[in-house]
Each structure stands twice: as structure tokens, then as C-alpha cells.
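The values are calculated or read from the model by the stated rules, or taken from the named source; none is laboratory data. For clarity, every value in this text was computed on a predicted model and none was experimentally measured. In this analysis, Cβ positions are derived from the backbone assuming ideal geometry, glycine residues included, and neighbour counts consider all displayed protein chains. The area values use the complete protein model at the heavy-atom level, side chains included, leaving out ligands, DNA and RNA. Shrake-Rupley method; radii C 1.70, N 1.55, O 1.52, S 1.80 Å.
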Amino acid sequence: MNILVLNAGSSSQKSELYTLGETLPSEPPTPIWSAQLDWQDADAAHLTVETARGDRLEQELTDISRSSALSQLLSTLWQGPTQMIPNPQSIDGVGHRVVHGGQDYRASVIVTPEVKAAIARLSNLAPNHNPANLEGIELMEQLLGDTPQVAVFDTAFHSQIPAAAATYPGPYDWIEQDIRRYGFHGISHQYCAHRAAQLLKRDLNELRLVVCHLGNGCSLSAVKGGRSIDTTMGFTPLDGLMMGTRSGSVDPGILIHLMRQGYTADQLDPLLNKGSGLKGISGLSHDWRQIEQAISEGHDRAKLARDMYLHRLKASIGAMIMSLGGVDAIVFTAGIGEHAASVRAAVGESLAFLDAQIDTTKNQAAPVDSDIATVDSTVRMLVIQTQEDWAIAQDCWHAIGQKAHGSRR
């Protein structure tokens, strides 16, 4: 079975093809084809394609729309030097990451007109993501006709967070307006929780985990009994931790103050989402590597950005541990979580009061999917390569199998 995964972000588009049999492998497999679009601006993108054979293609796409660029990306799967299948009809199912499922969807579902309408309706809550997700679904409908497509929602894993954690302390009317904490990065958090149990050889239902998804977007989750019971992102992905270009949580009074000075919502949106965080404070970049390089050269604003980032991260990890009533393992994942040894070390130092200790040598090496804690540490420290695309492929495989089974009945 050929499962195509489309993972659309606000500034990138990733796609992978998995060839799966009648049973799923116990370890994450390598996709036979991978492609990524990185948008440089509104009508220019860099395309990178790789295959399991070792073929590689790079192209600069200019004066092109998002849908046309996605079409060009997909065409490299069935034509040219990176061809892996004879034609689009060789695809048996398509799995899509959909950022916002609201309260309507608490699990992955086969895409129907009703599902598409819900994704469109929820675009006002995820304007940088849901429209791109829907665009991918509609393009695949044009290419593949009735081939089943599956929506895998980033909010689903957090959908059963207790009301005390999900409800904002505003007027009660907010509840009736569906203003609540939704949480995001759920596909990554769920995958990492299951992978942590696998690596620790423990029953997931017995574990208390803090999963740290630290990339350009950052969020934490408190996972107990295999379920998310708390998370840092909220009504939108802007809430919570300081991020690459997003502010994270700020005093809402600041926004009222700025609006009284004449700022509009359309001005505040890009300010908070694209002009804040590491980039906004440092004045340099959202890239952690560039921040650390600047610090080594004596850049004071870069140092302030790092110190703020770590302060907020450590404080939020403490909050997650309180929600759990203790912790068995801390999981680091995504770009910064997987590659920034200094971030992991700083967290480890702050958890010394729990007798948690990071092995310095292991932390510097940090092989994929490894435990970097010392042997006698009371808290395990795991570095896990997040595999969102593989998680999406698995959900797609299950959903298509269930549909096929149901049709036979």
C-alpha cells in the first residue's frame, strides 16, 4: 500500500511516500520518497526532493502560486529523476496534517465534504495553516479522484484535556463561543509519548511524561496514562512558550495598551506571530544556532533572548510537572529539542532538585531516540526524533483499512 503524506506548514510543505504491507513495522520506516518546499516569499520557494535510492533534486521555483508549487512537488514522484511510482493512481491513500480540528474532531477521519467544510470554518482559528491544509486536500481530489484521504488533526491529542486546564478564566460566555485551550503539535506529542514508552520498555499508561516540542514553534505537553492532560499552546498556536518568531504568552493588558495607542488587530497579528520571540528580542534570527553564535561574539540582545527562552521553558516544565504530580521522563524533540545540547543541559541543571541528571557525554552526542540521563538519574531524559509524517501515515493506514473492512461488510 502506497501512503502519501502531506504536511503543510505556514512557510513550508513537506511530503513523503511510504510503502506499507499488511502489518505496520515496529520501528519507524524510511520513506521511499521525500520532498519539501521552503517558501522564501509569497511566490518563490526552494524545492528539495530525495529518494531511498539516493536520488536528489533541488530547484528554485519563482513566480509561482502555492498550489502550482505543490503540483510541481508531487509530479517529481511519478516523473523525472526522482520517480518512484508509475503514475498518481498508484497512490492508495493520502494522509494530511490538519492543524485545527476544533471540538468537532478528536481523532483522525476520512475526508468528506463535511470534514472539508469544518476545516474551512476553523480557518479563522488557524489562518496560517488550515487554508494550506485544505488546499492540499482539494488538489489531491483533482489528481486522484476518489482515492481515500485522511485528516489527522494536530488538536486531537489535546482534545480531552480536563475542563479546569482547558477553560480560560474570562466570562462564562467564552465557553459557549468555543473559546478554550485547544493545544497544538498534538501529532508530535502523541508520537513522542508512544516512542518514549517503547524506548523505556514501559507501559505508556503507567508513565508521567513532559514532552518538549521545541522548534520554530514550541509547546509542552503533560502526558499521563497516555493522554494529554495539559499543554502550553492554547486557543491559537501563539500561546505559551517563547518561540522562534512568536511571543508566546504576554499580558493581555499590553495589547489593550497598544490598541489604545492606535494599533489594529491586523498590525498586532504579524507583530506577535512573526516579529517577536527569539527573532524579535535578538534582532537577528529565530535560529538557535545563530543566537548562540552571536552570544559567543558578545551580542547582548542575543544573550537576553536565550536567557528569556530558557527561563520561560524551565518555568513551564515546572508547571507541567505539577499537573502530572511528578515526572518519569522529559522528552526533547523537534529542531531545538533534538539538536541544542545547551538547552537540554540547562533544563537538566534546573531539575537537579529532583535528582535528575544528564550525562554530559551522551548529551553532546545525543544519538537519535536515546536516553541521555545518567544511570542513577531519577528522571529519564530522552531525545526523540519526532516523526509526524510517520504518525500521519499510520493513522491513514488504519483509517483506510477500516474503510475497506467496512465496505466488505
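Points to keep in mind about this one:
- Residue among 105, 18 that alone is open to solvent by less than 30 Å² (accessible area, probe 1.4 Å), among the hydroxyl-bearing types (Ser, Thr, Tyr) and either out of contact with any Leu (no Cβ under 7 Å at 6 or more places or on another chain) or under 19 Å from residue 390 (Cα atoms) (or both): 18
- Considering residues of the range 260-289 that are of a type in the set (S, T, N, Q) and touching a residue at least 12 places away in the same chain (Cβ under 8 Å) only, the residue surrounded by the most Cβ atoms within 10 Å (Cβ to Cβ): 282
- Which listed residue, of 353, 332, is aromatic (Phe, Trp, Tyr) and in contact with a Leu (Cβ under 8 Å, 6 or more places away or on another chain): 332
- A single entry from 355, 376 fulfils the requirement of being on the phi > 0 side of the Ramachandran plot, open to solvent by 30 Å² or more (accessible area, probe 1.4 Å), more than 23 Å from the chain's Cα centre (by Cα) and modelled with pLDDT of 90 or more: 355.
- From the list 233, 242, the lone residue that is at negative phi, in contact with a Lys or Arg (Cβ under 7 Å, 6 or more places away or on another chain) and open to solvent by less than 40 Å² (accessible area, probe 1.4 Å) is 242.
- Number of residues in the range 290-327 that are of a type in the set (D, E, K, R) and either buried (at least 18 other Cβ atoms within 10 Å of the Cβ) or in contact with a Cys (Cβ under 9 Å, 6 or more places away or on another chain) (or both): the value is 2.
- When the range 326-375 is filtered for residues that are in a helix (DSSP H, G or I) and of a type in the set (Phe, Trp, Tyr), only 353 remains.
- The listed residues are 393, 334, 315, 294, and the only one of them that is without any contact (Cβ under 8 Å) to a residue 24 or more places away in the chain and within 23 Å of the chain's Cα centre (by Cα) turns out to be 315.
- Tabulated pairs, the range 42-70, first touching a residue at least 60 places away in the same chain (Cβ under 8 Å), second among the aromatic types (Phe, Trp, Tyr) and open to solvent by less than 70 Å² (accessible area, probe 1.4 Å), C-beta under 9 angstrom, 6+ apart or interchain: 66/39
- The combined condition, being more than 20 Å from residue 128 (Cα to Cα) and either open to solvent by less than 60 Å² (accessible area, probe 1.4 Å) or of a type outside the set (S, T, N, Q) (or both), is not fulfilled by residue 41.
- Some residue of the range 146-161 being more than 30 Å from residue 90 (Cβ to Cβ) and among the hydrophobic types (A, V, I, L, M, F, W, C): yes
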